[in-house]
Structure formats: structure tokens, C-alpha cells
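Asks: One structure follows; several queries about it will come next.
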Amino acid sequence: MQRDDSLRSLIQKNLEAFDVRQPEPGQYRAAAVAVAVADEGEGAGLEGFARHAVWSSEAALILTRRSGKLRNHAGQWALPGGRIDIGETPEEAALRELAEEVSLRLDGSHILGRLDDFVTRSGFAITPVVVWAGAARELDPNLDEVASIHRIPVHEFMRADAPLLNRLEGSEHPVLRMPVGDNWIAAPTAAILYQFREVCIAGRHTRVAHFEQPVFAWK
């Protein structure tokens, strides 16, 4: 799947037709993440993917591994993001976090739309903002927050074995994980990735807010 004008048009059209759901304002702490569509580049940097000898324009999403120095969720997979500051919109916060975490500076013209807010066990309402990031050739991690940056091809999220659903004792709904290479990503990040796949690429209005998160993500 190439990152080209036809893909951008598809994603934008599907997001425009999608009825975004959000919780009542003030119920939770507000956060935003960037679901940034970029080039795969010179490899995905993930077990199970081959490295490219030349730059690849295959469409990919930018993910990070959180720094081991962080107090919460150290080492976990994440989309660039964080709390929404007072006076910011989710779009402004997502673009700010892209710049702060991976040194990718974009303006509002790169925003394609939003997915549903996802409420975490830790009390955040995360607004996923879909961003057209272009080639994004120069990315640098903020080592205070990010241990590594990964470009995971969009087609990897379209795998037939995704999502992985596992029962959690005492919960009505299963935990959702997304397989990538020889690894996997857990909710809440995985739930956002799954909704991106369903809404933005497949054009299916799939909801994910009900899926559970693994116990290690509750704090």
C-alpha cells in the first residue's frame, strides 16, 4: 500500500463519513495521540520485518517505544501523544507531541480527521488525530520520553489474524491486541490502531471503546 494521493483521499473520505464518539466533557483527563501516516522508509525497525536497501514509500504508521525512565507505562508501545494543555485543541496537542517526541513538525493542513475517543483505565480520554505526515525522513527521538521510533507498514495492521482477543477474568469484554511482525501491541494503542484499520482503510464504522486493556496498562 503506497503512501500516495489516492490513499490520502481514501482516508479523508472515510473519516468525513465517520460519526466520532466522545465522552461528556470534564469526565476524564484529556489527551491526544497522533496516528501519523508516513513512509516506511528504510525499514520498520521491528522484529520480523526485512530492512530496505533504498527508501520505501510504502505507507506506515509512526509508533514509539516509551522510555524506560518514565514513571508510567515505561517500555510500552505508544503513538506520539500526551495530555492536552489548557487552551489547546486535540489537533494542536497531537501536532505538538509529534514535534516534541519525534521531531516531526507539521501544521494544521496535515490533519485528516479524528477517530473515537478511547477512555483508559487510568482515567484519560484519548483523542486519536489522524495526520498525513508525508515522507517524514528526519525523525529523532526525545530520549527523555522515547526509547525508539518505529515505522510499521499499514498493511501489517490489515493481517487476517488481527485483532487478537483474550478474555480477562472479571471483565465483560476481551482485551484487544494487534499483532505486528513477531510481536504484538496492547490496548489502548492497539484499539486505536484497529479502529484506524477499520474506519480509515476498510471503510467500516467499527467501534472499539468497549474493549478491555491488559492489567499492566491500568496505571
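The values are calculated or read from the model by the stated rules, or taken from the named source; none is laboratory data. These numbers were taken from a predicted model, which means no experiment stands behind them. Glycine gets a Cβ as well: all are built from the backbone with ideal geometry, and neighbour counts include every protein chain shown.
Every residue, every condition in (1) within 29 Å of Glu212 (Cα to Cα); (2) out of contact with any Leu (no Cβ under 6 Å at 6 or more places or on another chain); (3) of a type outside the set (A, V, I, L, M, F, W, C), yes or no:
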| position | (1), (2), (3) |
| --- | --- |
| Ala78 | yes, yes, no |
| Glu88 | yes, yes, yes |
| His110 | no, yes, yes |
| Gly113 | yes, no, yes |
| Phe118 | yes, yes, no |
| Gly123 | yes, yes, yes |
| Val131 | yes, yes, no |
| Ala136 | no, no, no |
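Asks: Could you list all residues from region 134-149 that are under 16 Å from Glu97 (Cα atoms) and touching a residue at least 40 places away in the same chain (Cβ under 8 Å)? Give the steps one after another, and end with the answer.
Replies: From region 134-149, those under 16 Å from Glu97 (Cα atoms) are 136, 138-149; that's our starting set.
If the condition is that a residue be under 16 Å from Glu97 (Cα atoms) and touching a residue at least 40 places away in the same chain (Cβ under 8 Å), then Ala136, Leu139, Pro141, Asn142, Leu143, Asp144, Glu145, Val146, Ala147, Ser148, Ile149 are the ones that fit.
Asks: How many residues does region 172-182 contain that are within 13 Å of Arg159 (Cα to Cα) and not basic (Lys, Arg)?
Replies: Keep residues of region 172-182 that are within 13 Å of Arg159 (Cα to Cα), which gives 177-182.
Imposing the further condition that a residue be not basic (Lys, Arg) reduces the set to 178-182.
Selection size over region 172-182: 5.
Asks: How many residues are within 14 Å of the chain's Cα centre (by Cα) and free of Cβ contacts under 8 Å to residues at least 24 places away in the same chain when one looks only at region 155-176?
Replies: Of the residues in that region, 0 qualify.
Asks: Which of the residues belonging to region 190-204 are in a helix (DSSP H, G or I) and either surrounded by fewer than 24 Cβ atoms within 10 Å (Cβ to Cβ) or not small (Gly, Ala, Ser) (or both)? Break it down into steps so the answer makes sense when it comes.
Replies: Narrowing region 190-204 to residues in a helix (DSSP H, G or I): 190-201.
Ile192, Leu193, Tyr194, Gln195, Phe196, Arg197, Glu198, Val199, Cys200, Ile201, listed by residue number.
Asks: Which is modelled with pLDDT under 95, over 22 Å from Trp184 (Cβ atoms), of a type in the set (D, E, K, R) and in contact with a strand residue (DSSP E or B) (Cβ under 9 Å, 6 or more places away or on another chain), of Arg137, Arg151? If you could, list the steps in order and put the result at the bottom.
Replies: On the way: Arg151 fails: over 22 Å from Trp184 (Cβ atoms).
Every option except Arg137 fails the conditions.
Asks: Follow-up question, since we're still on this one. Restrict the check to region 112-122 and report whether at least one residue is touching a Cys at 6+ places or on another chain (Cβ under 9 Å) and either without any contact (Cβ under 8 Å) to a residue 24 or more places away in the chain or at negative phi (or both). Even if it seems obvious, please write down each step before you answer.
Replies: Here is the first cut: in region 112-122, the ones touching a Cys at 6+ places or on another chain (Cβ under 9 Å) are 112-113, 115.
From what's left, either without any contact (Cβ under 8 Å) to a residue 24 or more places away in the chain or at negative phi (or both): 112, 115.
Checked against the condition, which is being touching a Cys at 6+ places or on another chain (Cβ under 9 Å) and either without any contact (Cβ under 8 Å) to a residue 24 or more places away in the chain or at negative phi (or both), region 112-122 yields at least one hit.
Asks: Here's a follow-up. All but one of (1) farther than 25 Å from Ile84 by Cα; (2) in contact with an Asp or Glu (Cβ under 6 Å, 6 or more places away or on another chain); (3) touching a residue at least 12 places away in the same chain (Cβ under 8 Å); (4) not small (Gly, Ala, Ser) hold for Arg204; which doesn't?
Replies: Here Arg204 clears every test but (3).
Asks: What do you reckon, is Ile152 touching a residue at least 60 places away in the same chain (Cβ under 8 Å), closer than 15 Å to Pro214 by Cα and part of a strand (DSSP E or B)? Explain how you work it out, then say what you get.
Replies: Working: touching a residue at least 60 places away in the same chain (Cβ under 8 Å): yes; closer than 15 Å to Pro214 by Cα: no; part of a strand (DSSP E or B): yes.
No.
Asks: Now for a separate question. Could you grab me the full set of residues in region 91-111 that are within 19 Å of Gln12 (Cβ to Cβ), among the small types (Gly, Ala, Ser) and free of Cβ contacts under 8 Å to residues at least 40 places away in the same chain?
Replies: Matches in region 91-111: Gly108, Ser109.
Asks: I'm trying to understand the selection: among the residues of region 1-19, which are more than 16 Å from the chain's Cα centre (by Cα), among the hydrophobic types (A, V, I, L, M, F, W, C) and at pLDDT 95 or above? First the steps, then the outcome.
Replies: Initially, region 1-19 is screened for residues more than 16 Å from the chain's Cα centre (by Cα), giving 1-10, 12-14, 16-19.
Remaining after also requiring among the hydrophobic types (A, V, I, L, M, F, W, C): 1, 7, 10, 17-18.
Leu7, Leu10, Ala17, Phe18, listed by residue number.
Asks: Check whether at least one residue in region 26-40 is exposed (fewer than 14 other Cβ atoms within 10 Å of the Cβ) and more than 19 Å from the chain's Cα centre (by Cα), and report yes or no.
Replies: Yes: one or more hits.
Asks: Determine which member of the set Glu212, Glu145, Glu169 is among the acidic types (Asp, Glu) and in contact with a Gly (Cβ under 9 Å, 6 or more places away or on another chain). Write out each step before concluding.
Replies: On the way: Glu212 fails: in contact with a Gly (Cβ under 9 Å, 6 or more places away or on another chain); Glu169 fails: in contact with a Gly (Cβ under 9 Å, 6 or more places away or on another chain).
Step by step, each of Glu212, Glu145, Glu169 is checked, and only Glu145 is among the acidic types (Asp, Glu) and in contact with a Gly (Cβ under 9 Å, 6 or more places away or on another chain).
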